[in-house]
Amino acid sequence: MDLAEKTRRRRRREAVVTHLCLILGVLIFAFPIYLTIIGSTHDVNTIGRGDVPMVPGGEAVANYTQAWEAGGGRYMGTPAGRMLANSLVMALLIAFGKIAISLTSAYAVVFFRFPGRMVCFWLIFITLMLPVEVRIIPTFQVMVDLQLINTMTGLVVPLIASATATLLFRQFFLTIPDEYVEAAKIDGAGPLRFFRDVVLPLSVTNVAALFVILFIYGWNQYLWPLLIVNDRSLETIVVGLTKMIGGGDSQNEWNVIMATAVYALLPPVAVVLLMQRWFVKGLTETEK
Amino acid sequence: MRKVHFKGIALPYLLLLPQLVITGLFFFWPAGMAVYQSFLREDAFGLSSQFVGWENYADVLSDPTWLESAARTGVFSVSVAVLALGVALFLAVQADKHIRGADTYKTLLIWPYAVAPALAAVLWLFMFHPNIGIFGRMLNALGIPWDYRLNGGQALTLVILASAWKQVSYNFIFFLAGLQSIPRAVLEAAAIDGASPMRRFWTVVFPLLSPTAFFLLVVNLVYAFFDTFGVIHSLTQGGPGKSTETLIYRVYTDGVMNLNLGSSAAQSVILMIIVVVLTAVQFRYVERKVHY
């Protein structure tokens, strides 16, 4: 056998091994979802008995309708439709809120010189080191004092401060050439006009990338809604889902729970898949 | 630095106002309160409180159950980070090769980024529940008594697996970006010199990836410390016993469930110090990286 033939064979063998590794990896991530989707198409007894089927059953419509309209679990919780709406509103408000206030703060820090500029910048920067998790109780007390418990405002506003987004926009604004600012000044454009007509259009790609990351951040919030919301009409889907499961009783309405899990997964996964290119670029550039 | 600026004092403050008000009200005020409360102790009825100095800290740091939580958090975080980084690096190296369908593989490995930690826990519960989960039942059928609700070691294993599973895609994205920025010429030179693929990986690729790997290590530790609250809360609630209670979970139980404010505040301050150290390490590294 000649060398060329040997090399070709080795190449092919390597490619097969690579494919097998990647397929295994894909399966590790896809299988739990597959199992959940299958579970959501069977009736409660099939799953409760533990006869976990590998092919879809005929109860999909019934399960998804029940989850959407009535909810399930031991407490007959909140309808998934309601929870999805809450999660969607929360995630969108958080994403847009963070982007809006970070754009304006970064603009102020980069395009103006005023006393206390660096103090403001550092005040924003330090919040990176104060995640909700380390100030649970006092933050909760502030929320009680401001009467923000069980309100959408309370759910959203404390989360829209963003050191990361401000840092990203600051980095980006520093790359806008001084000549643009000079030209704007000569043309008689003020700072607000410059912001609207030059800076915003230039920032579109960054905003899109950041939107995906922040939407998912908002959608996936857990501890905060758990603390702030105990009114069922404001329940978000991720927290609501785990409340349906409770201690993990076998008697749970697992079929409805699984349908709710699929509802909870769909929107963020769709956002990532549809905006994959922007999102990957944004993620690797933002967080470095 | 920018040389040309707009004039004005009121406008920039106005633009900064929303962000500063929010950080002041919801970040600095509560953080200050945490520090203040950590020096106070309330009586049993919550009617009065008195200054106790460092007592809360001394109590926390000498409490054997807190030290156990700390040790457990260490084991948990390192396991999650190592597992999530190892699997992600392996998959990224495979996906970076010139093979058919590479883009499809990438998409199929990136999407779990969208899954909330709490949801990852729910998916793993569906698989490993002793009665309704396919693997849970399989283990029991094989004669291995599996019930993560009763067995602490099994609970911790499950929480680690679910937490790492969720984090792989994030690491994968960064490793892939790191691999793609390695110049092909360097790899080809090594190949021409006769280095085997394994040798090429460990002597050329891995050193060039090490900045990314270090950055990710810090991010993964922070993730394991804080963001896994959802995993633990929805899977085991810290149990059975205290076998899956991490430090963050303990702040939650002591503060929200047991209303032990002084102790919870002292624990919060200790955690803040840990975050400050981790963030400082991360940014020192970023500074260094900017320069070369």
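Just how large is the dipole of region A:3-69 about the Cα centre, in debye to the nearest 20, putting +1 at every Lys and Arg Cβ and -1 at every Asp and Glu Cβ?
For region A:3-69, the charge dipole is close to 1020 debye.
Could you derive backbone 3J(HN,Hα) for region B:80-87 from the dihedral phi with the Karplus parameters 6.51, -1.76 and 1.60 (θ = phi - 60°), listing whole Hz in sequence and x where the residue is Gly or Pro?
My calculation for region B:80-87 gives 4, 5, 4, 5, 5, 6, x, 4 Hz in order.
Return the distance in nm (one decimal) between the two label points of a simple spin-label model at residue B:180 and residue A:174, each offset 7 Å from Cα along Cα→Cβ.
With each label point 7 Å from Cα toward Cβ, the separation is 2.5 nm.
How much net charge surrounds residue A:169 when only other residues with a Cβ under 13 Å from its Cβ are counted (Lys, Arg +1; Asp, Glu -1)?
+1
Say R0 is 56 Å: what FRET efficiency, to the nearest 0.05, do residue B:48 and residue B:203 get from their beta-carbon distance?
So, using R0 = 56 Å, E works out to roughly 0.25.
Check the straight Cα-Cα distances from residue B:97 and name the aspartates and glutamates below 15 Å, setting aside those fewer than 8 residues away within the same chain.
Candidates past the 8-residue exclusion: A:14, B:188.
Give the calculated FRET efficiency between residue B:150 and residue A:249 to the nearest 0.05, with a Förster radius of 22 Å applied to their Cβ-Cβ distance.
Approximately 0.95, to the nearest 0.05.
For residue B:166, which aspartates and glutamates qualify as cross-link partners when the Cα separation must be under 17 Å and same-chain residues fewer than eight apart are set aside?
B:227
Which part of region B:231-264 falls in the paramagnetic zone of residue B:59, meaning amide N under 14 Å from the point 7 Å along Cα-to-beta-carbon?
So the set is B:254-255, B:258-264.
What is the angle, in °, between the Cα long axis of helix A:163-174 and the longest principal axis of the Cα atoms in chain A? Nearest 10 is fine, range 0 to 90.
Roughly 50 degrees between the two axes.
Could you tell me which of B:196, B:276, B:251 has its Cα farthest along the dipole of region B:185-291 towards the positive end, charges placed at Cβ (Lys, Arg +1; Asp, Glu -1), taken about the Cα centre?
B:196
Report the charge-dipole magnitude of chain B in Debye, nearest 20, computed about the Cα centre from +1 at each Lys and Arg Cβ and -1 at each Asp and Glu Cβ.
In total the dipole reaches around 1160 debye.
Under the rule a/c < 1.5 gives rounded, and otherwise a/b versus b/c splits prolate from oblate, where does region B:145-292 land using the Cα gyration tensor?
Oblate shape, in that a/c is at least 1.5 and b/c is the bigger or equal ratio.
Would you work out which of A:50, A:65, A:19 lies farthest towards the positive end of the dipole of region A:3-69? Charges go on Cβ: Lys and Arg +1, Asp and Glu -1.
A:19
What is the mean number of Cβ atoms from other protein chains located within 10 Å of the Cβ atom of each residue in peptide B:221-233, rounded to a whole number?
Mean partner-chain Cβ count within 10 Å for B:221-233: 3.
Hey, what do the phi angles of region B:98-110 turn into as Karplus ³J(HN,Hα) couplings, whole Hz, using 6.51/-1.76/1.60 and θ = phi - 60°, x for Gly and Pro?
Karplus-based 3J(HN,Hα) across region B:98-110 equals 7, 10, 5, x, 4, 5, 4, 4, 4, 4, 6, 9, 8 Hz.
Please give the Cα centre distance for region A:86-146 versus region A:208-239, rounded to the nearest Å.
Centre-to-centre distance over Cα atoms comes out at 16 Å.
Most fluctuating residue of A:116, A:240, A:71 in a GNM of chain A with Cα springs under 10 Å: which is it?
The residue with the greatest mean-square fluctuation here is A:116.
Given 25 °C and 0.890 mPa s, how large is the Stokes-Einstein diffusion coefficient of the protein assembly as shown in µm²/s, with Rh as the Kirkwood radius over Cα pairs?
The estimated diffusion coefficient comes to 95 µm²/s.
Apply the a/c threshold of 1.5 to the C-alpha gyration tensor of region B:211-292 and tell me whether it is rounded, prolate or oblate.
oblate
Equivalent ellipsoid semi-axes for chain B, as square roots of 5 times the alpha carbon gyration tensor eigenvalues: give them largest first, rounded to whole Å.
39, 32, 18
Neighbouring Cβ atoms within 10 Å as the yardstick, rank A:19, B:98, A:42 fewest first.
Going from least to most buried by this count: B:98, A:19, A:42.
Please report the net charge: other residues with Cβ closer than 14 Å to the Cβ of residue A:52, K and R +1, D and E -1.
With Lys, Arg at +1 and Asp, Glu at -1, the net is 0.
Kindly state, to the nearest 0.05, the FRET efficiency for residue A:208 paired with residue B:102, given R0 = 22 Å and r defined as their beta-carbon distance.
In this case the efficiency is close to 0.35.
To the nearest 20 debye, what is the magnitude of the charge dipole of the protein assembly as shown about its Cα centre, counting +1 on the Cβ of each Lys and Arg and -1 on the Cβ of each Asp and Glu?
In total the dipole reaches around 1820 debye.
Full-extension gain between residue B:36 and residue B:135, please, as 0.36 nm times their residue separation minus the C-alpha to C-alpha distance.
Full-extension gain reported as 30.8 nm.
As a check on your grasp of the helix formula, calculate [θ] at 222 nm for the protein assembly as shown: sum -39500 (n - 2.57) over DSSP H runs of n ≥ 4, divide by the residue count, round to the nearest 500.
-21500 deg cm²/dmol
Could you check the simple spin-label distance between residue A:65 and residue B:257, using points 7 Å along Cα→Cβ, in nm with one decimal?
Going by the 7 Å Cα→Cβ label model, 4.0 nm.
Relative to the longest principal axis of chain A, what angle (0 to 90°, nearest 10) does the C-alpha long axis of helix A:254-274 take?
40 degrees
Charges on Cβ only, +1 for Lys and Arg, -1 for Asp and Glu, centred on the Cα centroid of chain A; of A:236, A:91, A:109, which one is farthest towards the dipole's positive end?
Result: A:109, furthest along the dipole toward the positive end.
Quick check: residue separation of residue B:157 and residue B:281 times 0.36 nm, minus the Cα distance between them. What number comes out in nm?
Extending this stretch completely gives an extra 41.8 nm.
Is region A:80-286 rounded, prolate or oblate when judged by the Cα gyration tensor, a ≥ b ≥ c being the square roots of its eigenvalues, rounded requiring a/c under 1.5 and prolate requiring a/b larger than b/c?
prolate
How many angstrom separate the Cα center of region A:151-177 from the Cα center of region B:1-45?
Between the Cα centre of region A:151-177 and that of region B:1-45, the gap is 14 Å.
I'd like the orientation of helix A:3-39 relative to chain A: the angle between its Cα long axis and the longest Cα principal axis, in ° from 0 to 90, rounded to 10.
The answer is roughly 80 degrees.
Where Lys and Arg each count +1 and Asp and Glu each count -1, what net charge lies around residue A:240 among other residues with Cβ under 11 Å from its Cβ?
+2
Non-local amide H neighbours of residue B:40 (under 5 Å, H modeled in plane, Pro and chain starts lacking H): which ones?
B:52
At a 10 Å Cβ-Cβ cut-off, how would you order B:106, A:281, B:7, A:98, fewest neighbours first?
Ordered from fewest to most neighbouring Cβ atoms within 10 Å, B:106, A:281, B:7, A:98 come out as B:7, A:281, B:106, A:98.
Each reported figure results from applying straightforward, stated rules to the coordinates on display, with no laboratory input. All values reported here derive from a predicted model rather than from experimental measurement. Don't worry about glycine lacking a Cβ; one is built from the backbone with ideal geometry, like all the others, and counts go over all protein chains shown.
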